[in-house]
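The values are calculated or read from the model by the stated rules, or taken from the named source; none is laboratory data. As the structure is a prediction and not an experimental result, all values here were calculated from the model. Virtual Cβ from ideal backbone geometry, glycine too; neighbours counted across all protein chains shown. Remember, those area values only see protein heavy atoms, side chains included, never the ligands or the DNA or RNA. Shrake-Rupley method; radii C 1.70, N 1.55, O 1.52, S 1.80 Å.
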Amino acid sequence: MREYAERTWGSWIPEPLDNFRPEIHQIIQCDGDEIGCIAVVDEPEALMLEKLYILPSYQRRGIGTLLLGRLIERANAVGKSIRLRVLRVNRARQLYERNGFEVERSTDERHFMSYAVAPRGGKPYEANAIR
């Protein structure tokens, strides 16, 4: 995220540790290596995807698509939409759009996106093929 923060704000300021909420974070592992993290908050109206970080060397392998697919299945099971925010300079927006997320609004710094759950009896989510 450092690259995107520097491109957006001109500098990098790490998130203070007192803002870290371990109860919403999960470490992403691949072949025993820690390669990122995902953080989801279950809010009354929606699931909020706070973070989906994958190390650059593990990106473009379908890992993000797999994780989003699981989150979408969870959202459909509980009948909640998914919301997220992504920096405008972050190419992860393309990943989210490929998986059915739409931009609801934008600011100079961010896009605010959402995924609406399938209507009752609608077609379930089908993840893109994993490379």
Original post:
Does the range 79-91 contain any residue that is part of a helix (DSSP H, G or I) and either buried (at least 18 other Cβ atoms within 10 Å of the Cβ) or touching an Asp or Glu at 6+ places or on another chain (Cβ under 9 Å) (or both)?
Top reply: no
**OP:** Just one of (1) part of a helix (DSSP H, G or I); (2) in contact with a Ser or Thr (Cβ under 8 Å, 6 or more places away or on another chain); (3) open to solvent by less than 10 Å² (accessible area, probe 1.4 Å) trips up I72, so point out which.
**Re:** (2)
**OP:** Go through (1) among the small types (G, A, S); (2) part of a helix (DSSP H, G or I); (3) open to solvent by 30 Å² or more (accessible area, probe 1.4 Å) one by one and return the number of the condition G64 breaks.
**Re:** (3)
Subject >> Enumeration of residues in the range 32-69 that are over 27 Å from V117 (Cβ atoms) and either in contact with a strand residue (DSSP E or B) (Cβ under 6 Å, 6 or more places away or on another chain) or of a type in the set (V, I, T) (or both) >> reply: E34, I35, L55, Y58
Subject >> In the range 92-129, the residues that are over 18 Å from I63 (Cβ atoms), open to solvent by less than 40 Å² (accessible area, probe 1.4 Å), modelled with pLDDT of 90 or more and in a loop (DSSP other than H, G, I, E, B) >> reply: none
